[in-house]
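Have a look at the structure below before the remarks.
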Amino acid sequence: MLLSKKAAGSNSNHPAPEENTLRVGLVGPLPPPSGGMANQTRQLMELLVSRGIAVTLVRVNEPYRPAWVGKLKGIRAVPRLMAYIARLRRVARQVDVLHVMANSGWSWHLFAAPALWIAWLNKVPVVLNYRGGEAERFFVRSMRWIRPSLEKASLIAVPSGFLQAVFGRFGFDTTVVPNIVDLKRFRPKPELSPLHTQRPHIVIARNLEPIYGLTTALRAFALLLREKPGARLSIAGSGPQRQELEDLALALGIGQNVTFTGRLSPDEMAELYRQADVMLNPTTVDNMPNSILEGMASGLPIVSTHVGGVPYMVEHEKTALLVPPEDPDAMSEQLVRVTSDMALYKSLAENGLAEVTRYGIDAIVPEWVRIYCALAGYDSALSESW
């Protein structure tokens, strides 16, 4: 439904909004590439628009225009950044609240920090939605530069208790608003058990980059094949490590059992989960991986490394099996275990399905609307009825 604003709005320096509208400026990336933040940005935008909220996107990874600019390494970032700042300034004068997706490193300095300062200068409330799994390392190294920008946020939202604890150690209060999973798209196959315990199909949904532990996953899968020679592994994602990983699979003698699917659309990814038996998350750094939510929603038992925000999402032996990072022996042991013990397999799958309902659209989107309404001066009763 559309929301109406109080007569005395909070953004008095801005043009009066159209009657019965809430205007949100959303700052973040879109796929490609299909990373977690890009997928969450796209999904949130679509969900807000479908509910009658006016969303204006400020895309931080806008394609280079003209395209040949993208070939000019070293200077290609300058025209993109100038165009980004110009659009951000325009949008900040047109919306009731700005929602900024943020990450660590150069992404923070180039995109998130300017958005916070522009919102502050234009007196528009801004939600900083911080999502970087490497936040603590980044803060330790750069907090003296980060803090002035962080203090410009009207509200800091994080997707997990893990990041809430990190921010707390640096003196910042945060609100936890978890990631969203589409429970209509990601749903279980009719039968939760593997078709055959000797031919389990393992799926990984991560970008092909070193921090995601895919070399460890391949070594663990090679060990699994000693116990279950019919096992298959599908790795869904793209990235700079693909050739290295393909070469490692061949060197380990497991090439014929491993499929690199490349980047998949959300619907293709949902279908792959329904064809699989177990979801493996081998990462070395993480915050709140969407793939774990998608895997649970698809009725798959989860085997994951015990890193970052993962233990805040799942409980060992109840909704997942957790192992140390970069430990192929422990990872393989749990893969063998979950694909051999049908009672454990069904218990993890069923508990995961029950847990993931907390992250559905109907649970999370209203929370964002309540935040926007509170910051923009909308009647709280109307936000509750949305």
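The values are calculated or read from the model by the stated rules, or taken from the named source; none is laboratory data. What you see is a predicted model, and the numbers here were worked out from it, not measured in a lab. Using ideal geometry, Cβ is built from the backbone for each residue, glycine included, and neighbour counts are taken over all protein chains shown. Just the protein is used for accessible areas: all its heavy atoms, side chains included, with ligands, DNA and RNA removed. Shrake-Rupley method; radii C 1.70, N 1.55, O 1.52, S 1.80 Å.
Mind listing whichever residues of segment 244-269 are part of a loop (DSSP other than H, G, I, E, B), over 21 Å from PRO325 (Cα atoms) and either open to solvent by 10 Å² or more (accessible area, probe 1.4 Å) or among the charged types (D, E, K, R) (or both)?
Correct list: GLY253, ARG263, LEU264, SER265.
If LEU3 passes every condition in (1) surrounded by 17 or more Cβ atoms within 10 Å (Cβ to Cβ); (2) at pLDDT below 55; (3) touching a Lys or Arg at 6+ places or on another chain (Cβ under 7 Å) but one, which one does it miss?
(3)
Could you check, for segment 218-234, whether at least one of its residues is open to solvent by less than 10 Å² (accessible area, probe 1.4 Å) and either aromatic (Phe, Trp, Tyr) or at pLDDT below 95 (or both)?
yes
Taking the criterion of being within 18 Å of the chain's Cα centre (by Cα) and closer than 30 Å to MET45 by Cα, would at least one residue in segment 211-230 satisfy it?
Yes, segment 211-230 contains at least one residue that is within 18 Å of the chain's Cα centre (by Cα) and closer than 30 Å to MET45 by Cα.
Any idea how many residues of segment 152-179 are assigned to a loop (DSSP other than H, G, I, E, B), surrounded by fewer than 18 Cβ atoms within 10 Å (Cβ to Cβ) and touching a Phe, Trp or Tyr at 6+ places or on another chain (Cβ under 8 Å)?
Total meeting the criteria: 3.
Of the residues that sit in segment 270-289 and are open to solvent by 20 Å² or more (accessible area, probe 1.4 Å) and touching a helix residue (DSSP H, G or I) at 6+ places or on another chain (Cβ under 9 Å), which one is nearest to THR216 (Cα to Cα)?
Among them, the one singled out is THR284.
Does segment 208-237 hold any residues that are outside any helix (DSSP H, G or I) and of a type in the set (A, V, I, L, M), and which are they?
If we filter segment 208-237 for residues that are outside any helix (DSSP H, G or I), which is where we start, we get 208-209, 213, 228-237.
Result: LEU208, ALA231, LEU233, ILE235, ALA236.
If the requirement is being touching a Pro at 6+ places or on another chain (Cβ under 9 Å), crowded, with 23+ Cβ neighbours inside 10 Å and outside any helix (DSSP H, G or I), which of these qualifies: LEU335, LEU321?
None of the others qualify; the one that does is LEU321.
Being of a type in the set (Lys, Arg), at pLDDT below 95 and either over 16 Å from ASN287 (Cβ atoms) or part of a helix (DSSP H, G or I) (or both) is the filter here, so list the residues in segment 130-151 that pass it. It would help to see each step written out before you state the result.
Taking segment 130-151 first, the residues of a type in the set (Lys, Arg) are 131, 137, 141, 144, 147.
Filter once more, so that each one left must be at pLDDT below 95: 131, 137.
Scanning segment 130-151 gives a single hit, ARG137.
Could you give me the residue pairs with C-beta distances under 8 Å whose first residue belongs to segment 258-283 and is at positive phi, whose second residue is part of a loop (DSSP other than H, G, I, E, B) wherever it lies, and which are 6+ apart or on separate chains?
Within 8 Å, the pairs are GLY262/GLY237; GLY262/SER238.
Tell me which residues, restricted to segment 12-36, are among the hydrophobic types (A, V, I, L, M, F, W, C), modelled with pLDDT of 55 or more and closer than 24 Å to LEU121 by Cβ.
LEU22, VAL24, LEU26, VAL27
Can you tell me which residue within segment 112-130, out of those that are of a type in the set (Gly, Ala, Ser) and buried (at least 22 other Cβ atoms within 10 Å of the Cβ), is nearest to LEU22 (Cα to Cα)?
Here the residue is ALA119.
Assess whether ARG90 counts as being more than 27 Å from the chain's Cα centre (by Cα), at pLDDT 90 or above and open to solvent by 60 Å² or more (accessible area, probe 1.4 Å).
Against the criterion (more than 27 Å from the chain's Cα centre (by Cα), at pLDDT 90 or above and open to solvent by 60 Å² or more (accessible area, probe 1.4 Å)), ARG90 qualifies.
Filter segment 343-371 down to the residues that are in contact (Cβ under 8 Å) with a residue 60 or more places away in the chain and of a type in the set (Lys, Arg), then identify the one that is most open to solvent (accessible area, probe 1.4 Å).
ARG358
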